[in-house]
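*Asks:* Okay, here's the structure, questions in a sec.
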Amino acid sequence: MSDDPTPPDDAPDDPTVGHDDVAGEPAEQEPDQIAFDINDFPGGARTAIESVLMVVDQPVTDEELAGALEMAPDDVLAHLRDLEREYDEQQRGFTLRAINGGWRIYSRADYAPVIEKFLLDGQHAKLTQASLETLAVIAYRQPISRSRVSAVRGVNVDGVIRTLLTRGLIHELGQDTEGGAMLYGTTPYFLQRLGLGSLEELPPLAPHLPGADVIDELVEQGHG
């Protein structure tokens, strides 16, 4: 009788393989990360920073930009200051400003009369169906974040939110204390346009909209 017994036929060839692997369970993998080389983009780091600044709806810090673009914070800050100076020297219609440690692109104050006329003229145009539906969700479920409005409507509402902000029908109420998302609500001008004295005078449409718990569930399911 041999002192070195032959292993059973079902024993794994690699002794390091765990029982879960033998049972056919795949090993858990890390989610794929978006990888890129900042220098591969047209214009390099500077234009990449601009692309992010064009989509943020609130000031973003140079540290946040550095993390997203995989750059050193000092390099990002140098690019931001160069962009700020470049916009000023070229007398662009927009400017880059740092407010409370966060950077954002703003319309230049010199063009306030043009912007004011555009906004006032736009207030007389009719709202689209998408704008009306989004406005109704905000009116009856305020304060509410953009993702929760999207969850209720089932579509992206970024453009519609900007339209309603431009019309002065909604405004920012501050950030959610839990997730940090911006919250939106209706303005006194909204009530004025409807001829109402308060939100309590809104017609009983709320029962036809999902409650806060259902909205949260929709967001978790990825409908936002």
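The values are calculated or read from the model by the stated rules, or taken from the named source; none is laboratory data. None of the values given here were measured: they were computed from a predicted structure. Using ideal geometry, Cβ is built from the backbone for each residue, glycine included, and neighbour counts are taken over all protein chains shown. When the accessible area is computed, the model is the full protein with side chains, heavy atoms only, and any ligands, DNA or RNA have been set aside. Shrake-Rupley method; radii C 1.70, N 1.55, O 1.52, S 1.80 Å.
*Asks:* Can you divide the C-alpha Rg of segment 127-212 by 2.2 N^0.38 Å and report the result to two decimal places? List each step's numbers first, then the result.
*Replies:* Numbers: Rg = 12.2 Å, N = 86, 2.2 N^0.38 = 12.0 Å.
Against the compact-globule rule of thumb, the ratio is 1.02.
*Asks:* Still on this structure, please answer the following. When each pair of different Cα atoms in segment 60-140 is counted once in the 1/r mean, what is the Kirkwood radius in angstroms, to one decimal? Display every interim value, and only then the final one.
*Replies:* Details: mean 1/r = 0.0639 Å⁻¹.
Taking the inverse mean of 1/r over all distinct Cα pairs, segment 60-140 comes out at 15.6 Å.
*Asks:* Report the gain in length on full extension from residue 118 to residue 166: 0.36 nm times residue separation, minus Cα-Cα distance, nm rounded to one decimal. Intermediate results must be reported in sequence, preceding the final value.
*Replies:* Working: separation 48, 0.36 × 48 = 17.28 nm, distance 0.95 nm.
Roughly 16.3 nm would be gained on extension.
*Asks:* For residue 84 and residue 47, calculate 0.36 nm times their separation in residues minus their Cα-Cα distance, and state this gained length in nm to one decimal. Each step should come with its number before you reach the end.
*Replies:* Numbers: separation 37, 0.36 × 37 = 13.32 nm, distance 1.30 nm.
Gain on stretching residue 84 to residue 47: 12.0 nm.
*Asks:* For the pair residue 97/residue 54, report the inter-label distance in nm, with labels modelled 7 Å from Cα in the Cβ direction.
*Replies:* 2.2 nm
*Asks:* Assuming R0 = 22 Å, what is the FRET efficiency of residue 127 and residue 173, from their Cβ-Cβ distance, to the nearest 0.05? Walk me through the intermediate numbers first.
*Replies:* Details: r = 21 Å, r/R0 = 0.95.
Computed FRET efficiency for residue 127 and residue 173: 0.60.
*Asks:* Another one. Working with all protein chains in place, sort 87, 189 by solvent-accessible area computed with a 1.4 Å probe, largest first.
*Replies:* Numbers: 87 5, 189 55 Å².
Most to least solvent-accessible, the answer reads 189, 87.
*Asks:* With every protein chain kept in the model, how would you rank 37, 62 by accessible area, 1.4 Å probe, largest at the top?
*Replies:* Values: 37 75, 62 20 Å².
My answer, sorted largest first, is 37, 62.
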